[in-house]
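What follows is one structure encoded as structure tokens, with my remarks underneath.
The values are calculated or read from the model by the stated rules, or taken from the named source; none is laboratory data. Bear in mind the structure is a predicted one, so any value in this text is a computation, not a measurement. For neighbour counting, all protein chains shown are included, and Cβ atoms are generated from backbone atoms with ideal geometry for every residue, glycine included.
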Amino acid sequence: MVELSELFLRRGLAVTVVVVVPPAASTDASSAVARAVEANPSINFHMLPLPPPNTVPPAAVEQDQGQEPPHNPFALLRQSNAPLRDYLRSALQSASVCALVLDIFCVDALDVAADLGVPAYLFYTSGASSLAVSLHMPQKQAEVNASFGDIGDAPLCFPGVPAFRPTELPVNALDRDNQVYRVFLSAFERVPACRGMLVNTFEWLEPRVVAALRDGACVPGRPTPPVYCVGPLVSGGGEVQDKKHACLVWLDAQPENSVVFLCFGSMGSFSKRQLEAIATGLEMSGQRFLATGAFVTHCGWNSILEGITAGVPLLCWPLYAEQRLNKVFMVEDARVGVEIAGYDGEVVTAEEVEAKVRWVMHSEDGRALRGSSMAAKEKALEALQQGGTSHNALLELLSDLGMRHSSE
């Protein structure tokens, strides 16, 4: 959301990011918010009070280390609709609020926007492919009329994306009676009520699925809001330090594109046995490893975009949520990654880690993959430049908001 805010700031808009005060026990979330506030003085941050503890469902605030995100954050955020309404009503008395931009977890705030007559847009921080699958899921669930976990390996076909096995879905989606799954279905059924969908992607990366979204194929029988591909939006990283960390000094001394970077996100975790297999496989490969000739990624969307904008191939090792779907799209459609086999089993072997690292770094096919990754990097940069697809999408959005803008 901060990166999107910076786009608006560069167009002369004032931006306020509304944040629900994290639970007292959530030190990581509180620290992240504090860092964002300190690093972005041009953005106004408004903190909404957390609902009283006895009104927040336990599943909305409890989370074990290394596990998936909270089961029902929608419930917690829905409790914040009343203070959000009060804040916006107050803001409207002294300023013009031209739009409310919502994360998918805040979709119930569409009610607040409707009450106040403020246009509401969804900002989908993952890719267009997972958005298309999520929007079409109620239709597909009705067609299958069974739990996806009970239909074997029969491929699932969704508009604009390659067919995939049911096991590539988030684990909660395999049981049609799973409460978490039902909550997400309800959330995405509300999305077509927004005025537009901003997606953190660029059209060259996902052309078929962007077309399917715009054609209305993902939400048959209902109007589909306009789709604005405004990415890739990635963090610029921290400030440059006067004194480099020792690992950066070491990296500077390595040949270009010779090092492997492994990143499994802030919530990924492995067993001791798996960590030993990773370490052994990397050692057996004989390849330098830290960052970034190739990128071993958990397929979180931010990590994917960071790899693409750096022009490095992705060794895909998905862990949870929509990451398995992202793996399918990056390997089979975008062709900027390769799957690490066994990710869905108990342990990925050291031999598989060794083989895939060697394949990417030394084989002819790996060289071709690296070439595709560099091409994707160039297309990502083009999309953001004046006249590029993402640049033009932002201008279209501003036009929809009734904002005057320059061509710069």
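Of the residues GLU382, GLU396, GLU378, only one is touching a strand residue (DSSP E or B) at 6+ places or on another chain (Cβ under 8 Å) and closer than 26 Å to VAL209 by Cα; which? GLU396 is the lone residue from the list that is touching a strand residue (DSSP E or B) at 6+ places or on another chain (Cβ under 8 Å) and closer than 26 Å to VAL209 by Cα.
Residue selection: VAL328 fails the criterion of being buried (at least 19 other Cβ atoms within 10 Å of the Cβ), out of contact with any Pro (no Cβ under 9 Å at 6 or more places or on another chain) and not acidic (Asp, Glu).
Kindly evaluate GLY149 against the criterion of being assigned to a helix (DSSP H, G or I) and not charged (D, E, K, R). Full working, then the answer.
Details: assigned to a helix (DSSP H, G or I): yes; not charged (D, E, K, R): yes.
Considered against the rule, which asks whether it is assigned to a helix (DSSP H, G or I) and not charged (D, E, K, R), GLY149 comes out as yes.
Among the residues of the range 182-197, at least one is within 21 Å of the chain's Cα centre (by Cα), within 30 Å of MET374 (Cα to Cα) and touching a residue at least 24 places away in the same chain (Cβ under 8 Å).
Within the range 84-112, count every residue that is more than 30 Å from ALA163 (Cβ to Cβ) and either surrounded by fewer than 19 Cβ atoms within 10 Å (Cβ to Cβ) or touching a Phe, Trp or Tyr at 6+ places or on another chain (Cβ under 9 Å) (or both).
At the first step, the residues of the range 84-112 found to be more than 30 Å from ALA163 (Cβ to Cβ) are 84-102, 106, 108-112.
Subset that is either surrounded by fewer than 19 Cβ atoms within 10 Å (Cβ to Cβ) or touching a Phe, Trp or Tyr at 6+ places or on another chain (Cβ under 9 Å) (or both): 85-87, 89-102, 106, 108, 111.
Count: 20.
Within the range 181-210, the set of residues being more than 23 Å from LEU398 (Cβ to Cβ) and surrounded by fewer than 18 Cβ atoms within 10 Å (Cβ to Cβ) comprises ARG182, VAL183, LEU185, SER186, ALA187, GLU189, ARG190, PRO207, ARG208. Being touching a Phe, Trp or Tyr at 6+ places or on another chain (Cβ under 8 Å) and in a helix (DSSP H, G or I) is a property that holds for LEU397.
Looking only at the range 261-271, decide whether some residue is among the aliphatic types (A, V, I, L, M) and modelled with pLDDT of 80 or more. Give the derivation first.
Here is the first cut: in the range 261-271, the ones among the aliphatic types (A, V, I, L, M) are 262, 267.
Filter once more, so that each one left must be modelled with pLDDT of 80 or more: none.
So far as the range 261-271 goes, no, none of its residues is among the aliphatic types (A, V, I, L, M) and modelled with pLDDT of 80 or more.
For the range 226-238, give me each residue that is among the hydrophobic types (A, V, I, L, M, F, W, C) and assigned to a loop (DSSP other than H, G, I, E, B). If you could, list the steps in order and put the result at the bottom.
Taking the range 226-238 as the starting set, the residues that turn out to be among the hydrophobic types (A, V, I, L, M, F, W, C) are 227, 229-230, 233-234.
Hits for the range 226-238 are VAL230, LEU233, VAL234.
Has the range 212-225 got at least one residue that is in contact with a strand residue (DSSP E or B) (Cβ under 9 Å, 6 or more places away or on another chain), assigned to a loop (DSSP other than H, G, I, E, B) and farther than 21 Å from VAL144 by Cβ? Yes - at least one qualifying residue is present in the range 212-225. Are any residues in the range 101-119 in contact with a Lys or Arg (Cβ under 7 Å, 6 or more places away or on another chain) and assigned to a helix (DSSP H, G or I), and if so, which ones? Correct list: VAL107, ASP108, LEU110, VAL112, ASP115, LEU116.
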